[in-house]
Amino acid sequence: MALDGITLHFIKEELEQQILGARVEKVHQPTRAEIVLLLRTRTGPYRLFLSAESASPRIHLTQFPTDNPQNPPMLCMLFRKHLTGAVLTGIRQAGLDRILFLDFRATNEIGDTVNLHLCIEITGQHSNIILMQDDNRIIDAVKRVDETKSSYREVLPGVTYVLPPKQDKVNLMTDSVEAAANAVMQYAQQQLSSAFLKAVEGISPIVSRELAFLAAGDCTCGVSTVPRASILKALSSITDILKTGETAKCVVFNEEEKPMDFSFMEIQQYGSFLKKMHYENFSTLLDQFYFERDRQLRAKRKAGDLHKAVHTLRERTARKINNQQAELAACENKEQLRVFAELINANQYALGKGVSFYDLENYYENNALVRVPVSPALSPAQNAQKYYKAYKKAHTAEKMLQQLIDKGEQEMVYFDSVLDALSRAESENELAQIRQELIDGGYLKRKKGGKQRLPKELPPYSFQVADGFTVLVGRNNVQNDKLTMKTAKNYDLWLHTQNFAGSHTILVSDHREFTEKAIEEAAQIAAFFSSAREAQKVPVDYTRIKNIKKPIGAKPGKVIYHVYNTLYVTPKNPEK
């Protein structure tokens, strides 16, 4: 699913029609490898998205708002300094290579007009976004490259920009189809699709397979088995698209109906086995293709430190519980300590000092003889007192250890609920709220420095289910508490997975009687917003809000209930 040079050529043409002459109003940097330019034209605002992420490098207009960090990175501030107010005067592509230059006319600090160039290199793991002066001297880049990373070209401030080494391929915009066919025929011992990929500039693997399919009806055939005329005909389909500009803008979906790949030409190699969809323009195609996947990857990356911190806390608590349980097991013989003390006291008149044990009749077990270890340096009374102290210590420890174990087990449940909330967090704000929850609970330290801004509170998820009922779902533990204990009414229905971490789910009654279908769909949503979302049959408890109680001092999200019903359902994503 690589963005190839020919697709980039058509994206360039689209951008020229829509944003050429636009003025830069704002620059954002959502992540380390992404830049968003907020542009203003006579027809309205646009958001130009540039990504140098190794898994999804691209450039296109986007309709989706980005979740930006509270404090802009230094690189973002530098780009803002140079590009804010600049006018986009041109867009250039290096042949059919995956390199695009955005030319800007800007004003520097002293009021002089200067030309700047923003280059995006869409080259897999080496992708980059580079800002440079008119003389091609680099101002800065998203990814700096020094001599330890590349011996051919450095990408550092002050260094002159050099294009990546050009591949020895045929450009179908400047070279003939015959020349391209000759280049393909040079790889006579290889598969035809591989030969197309190695010989023709600007095509991706899916396009090379499609060309092989057009030439021979088979994506795996060899070059030597296909007539030259068929190869010429397949290549001509590309030149026709380049001349006419009539692109298919096609996306192919896999068996799970998730976007698998895209192309500027019609994809026929999968026949009717896979679903296809066509889009109005390439920006919409790329926006839809990458949005869901990138959102999940971005949230997972941002939540990485929180995941690690919570996992560490959970493992530490688990080790502590194991140690406490071992100590508790050692307290099980405390009654024997008391019996030894009593037997020594009862037989003091016959016992002396200087022996290591006493053989005494145990009147608790039909006067059976029992050997009691003692200290030779202590008197019988002192040995008895020593056993009494050991008994009292074990008795007290048993009570305290059980309380500590119960507290630790509650913390384990709480950490599981935090991890579950983290697994569903999609925005920086949601992660910030979870981080704040952990700080308020004393599990994380507040960052030092200036005054920290509290994250903006997001509303709970809201969905419509059968018969017009509304379902509300908490995003995290703090919101779960608020939703259950403050927002919901006594006659609303509360749902939660049984013995699984998950969100509090509220089926709002609106003074109506709940229907079985509405309860079932609400239970499916509750199961989906839980750690059991991948299971087939999940037990979901439900009861009226009036039956829910929150224990004093309980962790966020912890409630108790005794009156309830249970429904077994299959988790269902309410957004599908």
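The values are calculated or read from the model by the stated rules, or taken from the named source; none is laboratory data. All of these numbers come straight from a predicted model, not from anything done at the bench. Cβ sites come from the backbone with ideal geometry, for glycine too, and all protein chains shown count toward neighbours. The protein model used for the area step is the full one, side chains on, heavy atoms only, and it has no ligands, DNA or RNA in it. Shrake-Rupley method; radii C 1.70, N 1.55, O 1.52, S 1.80 Å.
Below is a table of values for the structure above.
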read-out	value
The chain - charge dipole about Cα centre, Lys and Arg +1 at Cβ, Asp and Glu -1, debye rounded to 20	2140 debye
Residue (of VAL207, THR225, PRO157) at the positive-pole extreme of the chain, dipole from beta-carbon charges	PRO157
Rg to Rh, two decimals, where region 258-349 supplies the alpha carbon set and Rh follows Kirkwood	1.62
Lysine pairs meeting the criterion (Cα under 17 Å, 8 or more apart or interchain), as found in region 301-427	10
In Å², nearest 10: area of PHE500 left accessible to a 1.4 Å probe	90 Å²
Answer label, with volume of the Cα convex hull per residue in Å³ calculated from the coordinates and candidates (i) 290; (ii) 356; (iii) 159	(i)
Nearest-ten-degree value, helix 205-216 long axis tilted from longest Cα axis of the chain	50 degrees
For region 54-127, alpha-carbon Rg and Dmax in angstrom	14.4, 40
Region 28-140 - charge dipole about Cα centre, Lys and Arg +1 at Cβ, Asp and Glu -1, debye rounded to 20	320 debye
Against the rule of thumb 2.2 N^0.38 Å, how large the Cα Rg of region 151-222 comes out	1.41
Rg/Rg_ref, region 238-297, where Rg_ref = 2.2 N^0.38 Å and atoms are Cα	1.20
Relative counts (whole %) of C-alpha pair distances in region 198-321, using bins that are 5 Å wide	2, 9, 14, 16, 14, 11, 8, 6, 5, 5, 4, 3, 2, 1, 0
Whether region 1-108 is rounded, prolate or oblate, judged on the alpha carbon gyration tensor where a/c under 1.5 counts as rounded	oblate
Of GLY408, ASN115, HIS82, farthest towards positive along the dipole that unit charges on Lys, Arg, Asp, Glu beta carbons give the chain	GLY408
Cα Rg over Rh - region 91-138, Kirkwood	1.06
Mean Cβ count within 10 Å, highest first, over the residues of peptides 318-328, 381-391, 412-422, 194-204	194-204, 412-422, 381-391, 318-328
Estimated [θ] at 222 nm from DSSP helical runs (n ≥ 4, -39500 (n - 2.57)) normalised by residues in the chain, nearest 500	-12000 deg cm²/dmol
Shape call, region 493-576: gyration tensor on alpha carbons, a/c limit 1.5	oblate
Relative contact order for the chain, counting Cα pairs under 8 Å that sit 6 or more residues apart, in percent	8 percent
Dipole of the chain [Lys/Arg +1, Asp/Glu -1 at C-beta], most positive-end residue of GLY354, GLY468, PHE101	GLY354
Angle in degrees between helix 228-244 and the longest Cα principal axis of the chain, rounded to the nearest 10	90 degrees
q = 0.23, 0.26 Å⁻¹: log10 I(q)/I(0) that the Debye formula gives for region 172-264, counting C-alpha atoms only	-1.16, -1.38
Spherically averaged projected area in nm², based on the convex hull that wraps the Cα atoms of region 438-527	7.2 nm²
Acute angle (nearest 10 degrees) that the helix 282-302 long axis makes with the longest principal axis of the chain, alpha-carbon atoms	30 degrees
Length added when fully stretched, ALA229-THR123, from 0.36 nm per residue minus Cα-Cα	34.9 nm
